[in-house]
Amino acid sequence: GQNIDQPTEMTATEGAIVQINCTYQTSGFNGLFWYQQHAGEAPTFLSYNVLDGLEEKGRFSSFLSRSKGYSYLLLKELQMKDSASYLCAVRDLGNKLIFGAGTRLAVHP
Amino acid sequence: KAGVTQTPRYLIKTRGQQVTLSCSPISGHRSVSWYQQTPGQGLQFLFEYFSETQRNKGNFPGRFSGRQFSNSRSEMNVSTLELGDSALYLCASSWGRRDSNSPLHFGNGTRLTVT
């Protein structure tokens, strides 16, 4: 079956660093995506990993280990506007994008 | 460049009715995917259309159906509505190439409430 696990909620302080983990078991693997979704808005694309290692994009980085079925999203220099849900999604070999339930991040002053 | 457009934004229906939701993808995108989003379940994959053909299907009952037109616009239909169908329905478009890092671009969704 398809299974993607993320923590339900996390809290962090403005200016700090937070790591959101994602583990997956899917029917094959053809890339992993992270999305950000603010309340009442559409999910927006943050990052993509298909090979092992770290991809850095400004304050956001994403890491992938295919052998462990594991990824994390690292957010640095947290800002209040980073309060949102973060969705981990895996593209399986059939090209379906399967999403985890999302991690709700609350950033406080 | 215009984003993904979904209409209507909000719908209220009663049990047993049917509903049609519409999605216009980003110009040039040939793949349209539909997702159901509920607070407890997250985004659940409904189906994907590419060049007017259903390319992928999730685990939803046959009451959920869709189609795609030659201009890549897509519609989703739900018949015999149930209370549990109340959700945010999101449409997403992409270039649709299987081997690419092409991300999905989401619309703002249609909020369906079934009473």
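The values are calculated or read from the model by the stated rules, or taken from the named source; none is laboratory data. Keep in mind the model is a prediction, meaning the values are calculated, not measured. Heads up, the Cβs are rebuilt from the backbone with ideal geometry, glycines too, and the neighbour counts pull from every protein chain shown.
Observations on the model:
- Selected residue [at pLDDT below 95 and basic (K, R)] from B:R55, B:R15: B:R55
- Meets criteria (outside any loop (DSSP other than H, G, I, E, B) and surrounded by 14 or more Cβ atoms within 10 Å (Cβ to Cβ)) for A:A101: no
- Some residue of segment B:60-68 being more than 15 Å from B:H29 (Cβ to Cβ), in contact (Cβ under 8 Å) with a residue 12 or more places away in the chain and more than 12 Å from the chain's Cα centre (by Cα): yes
- Taken together, the residues in segment A:11-62 that are without any contact (Cβ under 8 Å) to a residue 60 or more places away in the chain, surrounded by fewer than 19 Cβ atoms within 10 Å (Cβ to Cβ), within 14 Å of chain B (Cβ to nearest Cβ) and not in a strand (DSSP E or B) amount to 6.
- Test: residue in segment B:78-101 that is surrounded by 16 or more Cβ atoms within 10 Å (Cβ to Cβ) and among the acidic types (D, E): yes
- The residues of segment A:94-109 that are in contact (Cβ under 8 Å) with a residue 24 or more places away in the chain and within 7 Å of chain B (Cβ to nearest Cβ), listed by number, are A:G94, A:N95, A:L97, A:I98, A:F99, A:G100, A:A101, A:G102.
- Complete set of residues in segment A:63-81 that are part of a loop (DSSP other than H, G, I, E, B) and surrounded by fewer than 17 Cβ atoms within 10 Å (Cβ to Cβ): A:R66, A:S67, A:K68, A:K76, A:E77, A:Q79
- Any chance B:R111 is within 14 Å of chain A (Cβ to nearest Cβ) and in a strand (DSSP E or B): yes
- Residues of segment B:9-64 that are surrounded by 21 or more Cβ atoms within 10 Å (Cβ to Cβ), within 12 Å of chain A (Cβ to nearest Cβ) and β-branched (V, I, T): none at all.
- Candidate set from segment A:68-93 (those that are touching a Ser or Thr at 6+ places or on another chain (Cβ under 7 Å) and within 14 Å of chain B (Cβ to nearest Cβ)); member that is modelled with the lowest pLDDT: A:L93
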